[in-house]
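No value in this document is a laboratory result; all are computed from the given coordinates. Predicted model, so just to flag it, every value in this text is computed and none were measured. Every residue, glycine among them, receives a Cβ derived from its backbone with ideal geometry; neighbour counts consider all protein chains shown.
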Amino acid sequence: MDDKLMLMIPGPTLVPETALLAMAQHPIGHRSGDFSKIMAEVIENLKWLHQTKNDVLILASSGTGAMEAGIINFLSPGDRILCGCNGKFGDRWAEVATAYGLQVEKITAEWGQALDTEKFRQHLEADQDKQIKAVIFTHSETSTGVLNDLETINGYVKAHGQALIIVDAVTSLGAVSIPVDELGLDIVASGSQKGYMIPPGLAFVAVGAKAWSAYEIAKLPRYYLDLGKYRKDAAKNTTPFTPPVNLFFALQATLRIMQGEGLENIFARHDRLKTATRTAIKALGLPLLGPDTVASPAVTAVAPPPEVEAEKLRAIMKKRFDIALAGGQDHLKGKIFRIGHLGFVCERDILSTIAALEVALIDLGYESFTPGAGLAAASRVLVKS
Ligand SMILES: *Cc1c(COP(=O)(O)O)cnc(C)c1O
């Protein structure tokens, strides 16, 4: 049906009508007092969301731009870094770092498993002469639905004392608590089309004091993504280059919505939706890609049995129910499908998705479950919590 699309993918995510309408206005000048007022409010609320008093800078780019900025502003050619790779995005940071001539040591885990924190400890403890300049990894690995153990890895980085911690929080920020100041995270990157509930186009980088010291001596080339420029201008409630001002209207709206809901409620909602989704999938007899203990609150990856073709299932979900699910990436293409439950997603959306999924599975001839079993399982989780 036209105009009925339900985006149950881990980005771009659903956008509230308030934000859509906020964008349907004439752009305003980005050097105007009106824009500065919006910028001031947005910066304040971004700090609230990041649980930080330090800088949160806003870039006109996708999430990858924020991560690239997180790398090039604080490191120098030849610097040794540890990079956690257990999915598409971890691999990407190794690629970016390699492209800029860094010496990348990968800590890998199978796709669908969490990074082994012990490997970080061993590498960092062995580095007696402090050659490791940064530890980079993805908090919520969107390609597999796995949440890596940020606190433990951060603890080892802090014990090392020298290395910066650079975190891709693109699908964890706004879904799970990331107390940036309390943990002392140096660089945290995120993007607008995920937990922020607005369309793609803005990216965010939180930068702590230690990272700014590294910025002073970092030698990689930078211009458009030179965070010093953004910091200087943010102090005057403006931006160094023309920002997508209409996205700022939307961001102002969704940050207000988030403030209204409250951080704890937002995190609890994501946790509840994750549990309801996973419980329903199990009740349908479909295998999940990763274990519950490391499940991302943003996305659930399902590895269906051979008789269920993931791509056919997605096609039915889209065509018949206007529900978009995500497929697998790289070697998992065709092997898994992913249900996003990030951002502007409520219990009703999960119940609709599970109910539609049951019909689609039966359509495909998969009958290893009693019709209604998934919905009943999800409902029980939602009633309890
Ligand atoms: C979406 C996403 C990104 C950013 O991707 P872009 O396409 O550049 O916005 C980075 N990391 C993770 C984990 C993501 O989910």
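Of note:
- Reachable lysines from LYS88, criterion Cα separation under 17 angstrom, eight or more residues apart if same chain: LYS106, LYS194, LYS333, LYS335
- Net charge of neighbours whose Cβ lies under 13 Å from the Cβ of THR275, counting Lys and Arg as +1 and Asp and Glu as -1: +4
- Computed packing ranks the peptides 88-94, 138-144 as 138-144, 88-94, most packed first, by mean other Cβ atoms within 10 Å.
- From phi via Karplus (6.51, -1.76, 1.60), per-residue ³J(HN,Hα) for the stretch 41-56 in Hz, x at Gly/Pro: 5, 5, 4, 4, 6, 5, 5, 4, 5, 8, 6, 9, 9, 7, 6, 10
- Mean Cβ count within 10 Å, highest first, over the residues of peptides 251-257, 263-269: 251-257, 263-269
- GLU358, GLU311 arranged by Cβ crowding within 10 Å, fewest neighbours leading: GLU311, GLU358
- Taking a ≥ b ≥ c as the square roots of the eigenvalues of the alpha carbon gyration tensor, the chain is oblate, as a/c is not under 1.5 and a/b does not beat b/c.
- Sorted by Cβ density within 10 Å, fewest first, the residues ILE339, ILE350, ILE38: ILE38, ILE350, ILE339
- Counting only DSSP beta bridges whose two residues both lie in the chain, roughly 50 percent are antiparallel.
- Amide H contacts for LYS335 (H built 1.01 Å from N in the peptide plane; partners 5 or more residues away or on another chain; cut-off under 5 Å): GLY328.
- Per-peptide average of other Cβ atoms within 10 Å, ordering 150-160, 61-71, 174-184 highest first: 61-71, 174-184, 150-160
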